[in-house]
Amino acid sequence: MRSRIAGEFEGWSGATRFELENGQVWQQRYQTTWRTSLENPEVVITRHFLGLHRMEVVGTGQSVPVRRIK
């Protein structure tokens, strides 16, 4: 699934929530940190064989395990 994080994006740290332009809300699953400064970055969310999801910030090489909360 492709969408964009709405507005200014500064990365993640702990239990960060990600509000997407399509109305979905995802939350970070593991305690990792990555800092950046991007505006409306494109993301790709993929589902792995165990049913878990990972969100990649397109063009950065950075990804984080997530779970959908809305």
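FYI, it's all coordinate maths here, none of it is from the lab. It should be emphasised that the depicted structure is a prediction, and the values quoted were computed from it without experimental measurement. Quick reminder, even Gly has a Cβ in these numbers, built from the backbone with ideal geometry, and neighbours come from all protein chains shown.
If a residue has to be among the hydrophobic types (A, V, I, L, M, F, W, C) and touching a Lys or Arg at 6+ places or on another chain (Cβ under 9 Å) to count, how many in region 12-70 make the cut?
Just the residues of region 12-70 that are among the hydrophobic types (A, V, I, L, M, F, W, C), to begin with: 12, 15, 18, 20, 25-26, 34, 38, 43-45, 49-50, 52, 55, 57-58, 64, 66, 69.
Now drop any that are not touching a Lys or Arg at 6+ places or on another chain (Cβ under 9 Å), which leaves 12, 15, 20, 25-26, 43-45, 52, 58, 64, 66, 69.
Residues that pass the stated criteria total 13.
Find the residue count for region 6-47, including only residues that are within 12 Å of V58 (Cα to Cα) and touching a residue at least 40 places away in the same chain (Cβ under 8 Å). Talk me through it step by step, then tell me what you get.
Within region 6-47, the first condition is being within 12 Å of V58 (Cα to Cα), and the residues that meet it are 38, 40-45.
Then drop every residue that is not touching a residue at least 40 places away in the same chain (Cβ under 8 Å), which leaves 42-45.
Within region 6-47, residues that are within 12 Å of V58 (Cα to Cα) and touching a residue at least 40 places away in the same chain (Cβ under 8 Å) number 4.
For region 43-61, what are the residues that are among the hydrophobic types (A, V, I, L, M, F, W, C) and under 17 Å from R4 (Cβ atoms)? Break it down into steps so the answer makes sense when it comes.
Step one: filter region 43-61 for residues among the hydrophobic types (A, V, I, L, M, F, W, C), giving 43-45, 49-50, 52, 55, 57-58.
V43, V44, I45, M55, V57, V58 - these are the residues of region 43-61 that are among the hydrophobic types (A, V, I, L, M, F, W, C) and under 17 Å from R4 (Cβ atoms).
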